[in-house]
Amino acid sequence: MAIPAPLPPEKLYRACDPASLGFRTTDELADLDEILGQPRAVEAMRFGIDIRHQGYNIFVLGPQGAGRYTLIGEFLRRTAAAEKKPDDWCYIFNFAEPHKPRALRLPPGRGLPFRDAMARLVDDLRSAIPAAFEAEEHQARRNLIENELKERHEQAFHAIRQDAQKKSLALGQSPTGFVFVPMRHGKPIPPDVFNALEHAEREAIAAHMREMEERLEAMLRQSQAWQKDSIEKLRALNQQLAQRVVDHHIDPLKRDFTAFPDVIAYLDAVRDDLIKNVLRFLKAAAGGGERPAGMMALDGIGDEDPAPFRRYQVNVIVHNGTTPGAPVVYEDLPSVPSLIGRVEHAAQFGQLVTDFTLIKAGTLHKANGGYLIVDVRKLLLQPFAYEELKRALQARQIKIESLAQRMGYAPISTLEPEPIPLDTKVVLVGEATLYYLLSAYDHEFAELFKVQAELADRLDRSAETVRSYARLVAKLVRREKLRPFTAAAVARVVELGARMVDDSAKLSARFAYILDWLREADYWAGEAGATHEAVAQVDAVHVQQAIDARIRRADRIREAMQEQILRGHVLIDTEGAKAGQVNGLSVLQLGNFAFGKPARITARVRMGRGEVVDIERRVELGGPLHSKGVMILAGYLGAKFAPDRPLALTATLVFEQSYGGVDGDSASSTELYALLSALSGIPIRQGLAVTGSVNQFGQVQAIGGVNEKIEGFFDVCAGRGFKGGEGVLIPASNVANLMLRRDVVEAARAGRFAIYPVETIDQGIEILTGVAAGAAGPDGAYPADSVNGRVAARLAAFADAARKFAAPPGEGSGNDQEGKKT
């Protein structure tokens, strides 16, 4: 089997040639006007926007920093700009049911003019109505009606007085009402004189008094009818005048909105209400003591006499007159009131009061006819918000309710605004985990969000993509008002994009992180200008300075761990050779900073029952993936070296000086090398470290974090000084992931450090030991002096010894019997 040679420096880092970019600075590049590297997401977004059936809302899933909101916002704004503006929405007073304000739809841009027109109407009527009622003509007609009533009263009383005089009676008034008093010679008859009269005379006077009292009573009843008739005449007069004044002012407004039946119906209701309540209107205009806000008291009793001005206002909750096309709204705090809207309250005379003018729109109102963008994580963190959003989408209407109403408990009276029809596309944005959890546990989610738009976190690194990447950098630089970037600086950013995804053939699509690097590089360019002459451009050295500075800010723990190794507190050998011991590599992730850490892995073997003991697992420090790797290598051993006999082996594997959890199978090949070395007795070169997982056929498989792992062992070797022969074994399938630091590449170029790509365990063990792995012959036996031959011989010896120990008493040699007794 051919042993792989160390990788050449060109394989360790794929550089971007600044000359291939075709510009000197980003000032020469046009902005990128397309969404880079997201064709699948763009197709899904376009489909979700174009299809207009219910339930085809969009869920955009992608990693943090992928520019989800920027990409969605740009795409939606371009799409929405070509769409028609949605209608304006207003809330108006409901004259039939004041606690149920009505919703009024108007064409875009007509809501505010209508509100202002109604305000002018009320202002005009506040002066016109009192002026009309105070006019001489109206006062004269009013006086005529009042004088007519007065004259009728006087004539009736005069006739009764004259008839009473003919009957020697006088009409007088007492505290209890009108009375008739008998008269003689023009004077009232005293009671004693009246009592001294003849009985017949007294009876005649009493009969006259009863007759006149009946006539007076009939006249008073008739007077009430005359007064009622007069009041009706006055009311008709007032209404005629009010109608004439109101019509004079409201007819022009009706002509302006004659194309809108709902507005005409509302204006007719306003007209009728003004005419009907003109006296209260006058009272309020004269400073009457009615509730000044015209509100409903929230004490369980509705206000039956609201003030006559506020009720004629128009509450425009959505105005789309200045909107360039369909609205695109992002809700940063998706609580229930923010999404659905709310009814606010005010304190009035120790009470909570409200009315239709205190209805506030939610983002669903503002995005109605357009697009609403919501962060799904924030949505799920707000109580009831997710359920209310689903309810609105299912019902296709926005219904404003308080939390107490939603829960069926409303201790106070409040408004019930008329629901508004909903026609909006909701775009939820979140991580893939949340999308799959909602899909699995909420059946309604799949019915409402049928379009999945998934953003990739990386894109192919081709010449065309690199040019587009450069244009994107130019766009971001101009948008952020940064210094122009040179071609060398952009080339370094491209290389950084490849390192961010650990793949020389890919580039990072997490443009929010790329933007951070651009800002930091611009900062360091400014710092250089502060100490030397002014720097007008950002060069590659400033990008590298930004990278080094960020690592410096985050690598305290990595530096402390390296120091522990260099001081000998953590045992890691980088020279010599030892059997059953190998340097493994792991990756630690602390926030956004990842780094590699070497770890000593050891193996001990003895005769046993075919068990490979994972000490990490036994003490509950190993995760399931690590235990799976150990079981795989046990399967590899049994199938390769003991296919037809028991594997009489007990082996123990451990990460030395590991005091935390261990998981992942990237060390399974490393553990297998340690186990093969312990079985064969052949030492492993300690100047080499190993990473890679293994399958049961001995093939070395790709792992993650290969760059950090190599650099972690490189730093230990560099700290101790290169002695010759240092290097790392990696899976051959990880070569395409290499984007190593410049110092690692230069060390490899100078021959001080080597990276070996291995495909099989046999290749790896031969590099580590310097001894041929050995291939099985036709009889299945391995060469005796090979690694595999020695392993097979050791396992065969274990099997023979186990067989002897398992023999029944009386069989075998005396020594065997003695051993059994012992």
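For segment 416-458, count the residues as N, evaluate 2.2 N^0.38 Å, and divide the Cα radius of gyration by that value, please. Don't skip to the end; give the middle numbers.
Working: Rg = 14.1 Å, N = 43, 2.2 N^0.38 = 9.2 Å.
Against the compact-globule rule of thumb, the ratio is 1.54.
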Which residues among segment 782-803 fall inside the zone where the amide N is under 17 Å from a point 7 Å beyond the Cα of Asp644, along Cα→Cβ? 782-783, 792-793, 795-797, 799-800
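Loop only by DSSP, 10 or fewer other Cβ within 10 Å of the Cβ. Give me the chymotrypsin sites (Phe, Trp or Tyr not before Pro) in segment 46-96 that pass, ordered by residue number.
Values: sites: Phe47, Tyr56, Phe59, Tyr69, Phe75, Trp89, Tyr91, Phe93, Phe95; in loops: Phe93, Phe95.
Taking segment 46-96 and a limit of 10 other Cβ atoms within 10 Å, no loop chymotrypsin sites (Phe, Trp or Tyr not before Pro) are found.
Pop out the carbon and sulfur fraction of the accessible area of segment 322-455 as a percent, whole number, probe 1.4 Å. If you can, show how the numbers build up before the last one.
Working: 3350 of 6100 Å².
Summing carbon and sulfur atoms, their accessible area is 55 percent of the total for segment 322-455.
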How long is segment 70-117 along each principal axis, judged by its Cα atoms, biggest number first, in Å? 48, 23, 14
Alpha carbon centroid spacing (whole Å) that separates segment 167-210 from segment 524-580: 127 Å
For segment 510-583, which trypsin sites (Lys or Arg not before Pro) pass both filters: DSSP loop (anything but H, G, I, E, B) and at most 13 other C-beta atoms within 10 Å? Arg567
Phi-based couplings in Hz for segment 309-323 (Karplus 6.51, -1.76, 1.60; Gly and Pro marked x): 10, 4, 5, 8, 6, 10, 9, 7, 8, 9, 10, 10, x, 9, 6
Lysines with Cα under 26 Å of Lys723, excluding same-chain neighbours fewer than 8 positions away: Lys11, Lys578, Lys597, Lys709
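Would you mind calculating the gained length between Ala19 and Ala554 on full extension (0.36 nm times residue separation, minus the Cα-Cα distance), in nm to one decimal? Present the calculation step by step, with values, prior to reporting the outcome.
On the way: separation 535, 0.36 × 535 = 192.60 nm, distance 3.33 nm.
My answer for the length gained is 189.3 nm.
Of all accessible surface on segment 1-99 at a 1.4 Å probe, what whole percent is carbon and sulfur?
Its accessible area is 53 percent carbon and sulfur atoms.
Given Cβ point charges of +1 (Lys, Arg) and -1 (Asp, Glu) and nothing else, what value in debye, to the nearest 20, does the dipole of segment 1-88 about its Cα centre take?
Computed charge dipole of segment 1-88: roughly 340 debye.
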From the Cα gyration tensor of segment 327-396, with a ≥ b ≥ c the square roots of its eigenvalues, which class applies: rounded if a/c is under 1.5, or else prolate if a/b is larger than b/c, or else oblate? prolate
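How large is the accessible surface per residue of segment 318-449, computed with a 1.4 Å probe and reported in Å² as a whole number?
45 Å²
Can you give the relative contact order of the chain as a percent, counting alpha carbon pairs under 8 Å and 6+ residues apart?
Once normalised by length, the contact order is 16 percent.
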For Asp256 and Glu154, what is the calculated FRET efficiency with R₀ set at 51 Å and r taken between the beta-carbons, to the nearest 0.05? 0.45
For the pair Leu234 and Tyr56, how long in nm is the line joining their label points, each one 7 Å along Cα→Cβ? 6.8 nm
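Using unit Cβ charges (K, R positive; D, E negative) and no other charged atoms, how large, in debye to the nearest 20, is the dipole of segment 426-474 about its Cα centre?
Numbers: 5 positive and 8 negative charges, 86 e Å.
With Lys and Arg at +1 and Asp and Glu at -1, about 420 debye.
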Choose one of Ile58, Ser439, Met631: the residue whose Cα lies farthest towards the positive end of the charge dipole of the chain (beta-carbon charges +1 Lys, Arg; -1 Asp, Glu; about the Cα centre). Met631
Can you give the extra length, in nm with one decimal, that the chain gains between Arg478 and Asp27 once fully stretched, where that is 0.36 nm per residue apart less the Cα-Cα distance? 161.5 nm
Just tell me which lysines come within less than 20 Å, Cα to Cα, of Lys276; anything on the same chain fewer than 8 places away is out. Lys228, Lys233, Lys254
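Could you state the accessible area per residue of segment 682-791 in Å², with a 1.4 Å probe and every protein chain left in place?
Values: 3840 Å² over 110 residues.
Result: 35 Å² per residue.
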Only helical DSSP H runs with n ≥ 4 go in: add -39500 (n - 2.57) per run for the chain, normalise by residue count and round the 222 nm mean residue ellipticity to 500 deg cm²/dmol. -15000 deg cm²/dmol
What lysines could a cross-link reach from Lys366, if we take a straight Cα to Cα line under 22 Å and drop same-chain neighbours fewer than 8 places away? Lys84, Lys85, Lys100, Lys378, Lys390, Lys399, Lys425
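Report the charge-dipole magnitude of the chain in Debye, nearest 20, computed about the Cα centre from +1 at each Lys and Arg Cβ and -1 at each Asp and Glu Cβ. Spell out each step's value before the answer.
Numbers: 101 positive and 106 negative charges, 153 e Å.
For this selection, approximately 740 debye.
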Amide H to amide H, which residues 5 or more places from Arg458 or on other chains are under 5 Å from it, using H placed in the peptide plane? Ala509
Exposed loop sites here are GluC sites (Glu not before Pro) in DSSP loop states with at most 16 other C-beta atoms within 10 Å. What is the longest stretch of the chain lacking them? 657-810
Counting heavy atoms of the protein chains only and a 1.4 Å probe, report the per residue accessible area for segment 460-567 as a whole number of Å². 47 Å²
The simple spin-label model distance between Glu146 and Arg749, using points 7 Å out along Cα→Cβ, in nm, is 11.0 nm
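Given 0.36 nm per residue, what is the gain on full extension from Leu437 to Glu611 after removing their alpha carbon distance, in nm?
Values: separation 174, 0.36 × 174 = 62.64 nm, distance 3.91 nm.
So the extension gain works out to 58.7 nm.
Run the accessible area of segment 173-245 with a 1.4 Å probe and give the carbon-and-sulfur part as a rounded percent. Don't skip to the answer; put the middle values down first.
On the way: 2730 of 5070 Å².
Carbon and sulfur together cover 54 percent of it.
Select from the chain the helices, each a whole stretch of DSSP H, whose alpha-carbon atoms run 20 Å or more along the helix axis and whose Kyte-Doolittle mean is at least 0.0; answer none if there are none.
On the way: long enough: 111-133 (33 Å, 0.36); 136-166 (44 Å, -1.75); 199-256 (84 Å, -1.01); 261-276 (22 Å, 0.21); 463-479 (24 Å, -0.15); 511-531 (30 Å, -0.02); 540-554 (22 Å, -0.17); 624-641 (26 Å, 0.69); 706-720 (22 Å, -0.03); 787-805 (27 Å, 0.29).
Within the chain the helices that satisfy the rule are 111-133, 261-276, 624-641, 787-805.
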Most positive-pole-ward Cα, Gln537, Pro39, Ala131, against dipole of the chain from beta carbon charges: Gln537
Nitroxide proxy distance, nm - points 7 Å out along Cα→Cβ at Ala404 and Arg604: 7.4 nm
Charge-dipole axis of segment 128-206 as Lys and Arg at +1 and Asp and Glu at -1 on Cβ define it, positive-most pick from His185, Gln165, Gln155: His185
Please compute the Kirkwood hydrodynamic radius of the chain from all pairs of different C-alpha atoms, in Å with one decimal. 36.4 Å
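Using a Förster radius of 25 Å, what is the FRET efficiency between Thr322 and Lys360 based on their Cβ-Cβ separation? Nearest 0.05, please. If you can, show how the numbers build up before the last one.
Working: r = 19 Å, r/R0 = 0.78.
For R0 = 25 Å, the calculated efficiency reads 0.80.
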Going 7 Å from the Cα of Ser733 in the Cα-to-Cβ direction, what parts of segment 758-785 have a backbone nitrogen less than 12 Å from that spot? 759-760
Give me the percent of Cα-Cα pairs in segment 58-201 that sit more than 22 Å apart, rounded to a whole number. 75 percent
Counting only DSSP beta bridges with both residues in the chain, what percent are antiparallel, rounded to the nearest 5? 60 percent
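The values are calculated or read from the model by the stated rules, or taken from the named source; none is laboratory data. Computed from a predicted structure; not experimentally measured. Methodologically, a virtual Cβ is constructed for each residue, glycine included, from the backbone with ideal geometry; neighbour enumeration extends over all protein chains shown. Only protein heavy atoms, including side chains, enter the accessible area calculation; ligands, DNA and RNA are left aside. Shrake-Rupley method; radii C 1.70, N 1.55, O 1.52, S 1.80 Å.
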